[in-house]
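To keep things clear, I will list the structure first and then write my remarks on it.
Since every read-out is calculated from the coordinates, none of them should be taken as a lab result. Just so we're clear, the structure is a prediction, and the values are computed from it rather than from any experiment. Here the Cβ positions follow ideal geometry from the backbone for every residue, glycine too, while neighbour counts run over all protein chains shown.
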């Protein structure tokens, strides 16, 4: 596994997306199908390994019927 | 000017960033200096022309002492 720098904000974002995905009863496959985003890329986002773009985030939020703000909850602004 | 597709979500995000920047009495130059992000790139973000990455968004939010959620307010989840 390539040694990738870990960013706490990306890890928190990934956990938020995973939790909301499960809450809304999506699998990674069904979320990938509905958003058109590659399933392995979604896995990378959820592990906090992808510096995801705003439009991709917006696409995921729309698919999960939530605000982007809900995906970014708990990410500190210190 | 190259004909760039316009994304309403990016335009709303850009306006939110501009409003908060002004509220916190930053110029584009001082925000650029403090974040290390190029001033012209900040201008592009505020005009809704840049599909900004999550970490860049997080850097801007931290500099403006606000949550990322505040930057994404008013972006619909229809």
Item checked: Other-copy label distances relative to residue A:7, 7 angstrom Cα-Cβ extension, nm -> 1.5
Notebook entry, point to check: What residue among B:50, B:25, B:39 shows peak mean-square fluctuation when chain B is described by a Gaussian network model with Cα springs under 10 Å?
Noted result: B:25
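For chain B, calculate the relative contact order in percent as a whole number, restricting contacts to Cα pairs under 8 Å that are 6 or more residues apart.
Values: 73 pairs, mean separation 32.1, N = 78.
Result for chain B is 41 percent.
At 222 nm, what helix-only mean residue ellipticity would chain A give, in deg cm²/dmol to the nearest 500, using -39500 (n - 2.57) for each DSSP H run of four or more?
Numbers: 5 runs with 46 residues, N = 78.
That calculation yields -17000 deg cm²/dmol at 222 nm.
In the range B:36-78, how does Rg compare with the Kirkwood Rh, expressed as the Rg/Rh ratio over alpha carbon atoms? Can you show the working numbers first?
Numbers: Rg = 10.8 Å, Rh = 11.1 Å.
We get a ratio of 0.97 for the range B:36-78.
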Item checked: Ratio of Rg to Rh over the range A:8-68 (Cα coordinates, Kirkwood Rh, two decimals) -> 0.90
Next item on the list: Give the nm distances, rounded to one decimal, from residue A:51 to the matching residue in every other copy, measuring between label points 7 Å along Cα toward the beta carbon; shortest first.
Entry: 1.6
Notebook entry, point to check: If you bin every alpha carbon distance in the protein assembly as shown into 10 Å steps from zero, what whole percent lands in each bin?
Noted result: 11, 41, 34, 13, 1
Checklist line | Chain B residue with Cβ closest to the axis mapping B onto A, distance in whole Å | finding: B:69, 2
Note to self: On a full-extension model of 0.36 nm per residue, what is the gain between residue A:38 and residue A:22, subtracting their alpha-carbon distance, rounded to one decimal in nm?
What the structure shows: 4.0 nm
Check: Copy-to-copy spacing for residue A:24, label 7 Å out on the Cα-to-C-beta vector, in nm, shortest first?
Finding: 2.8
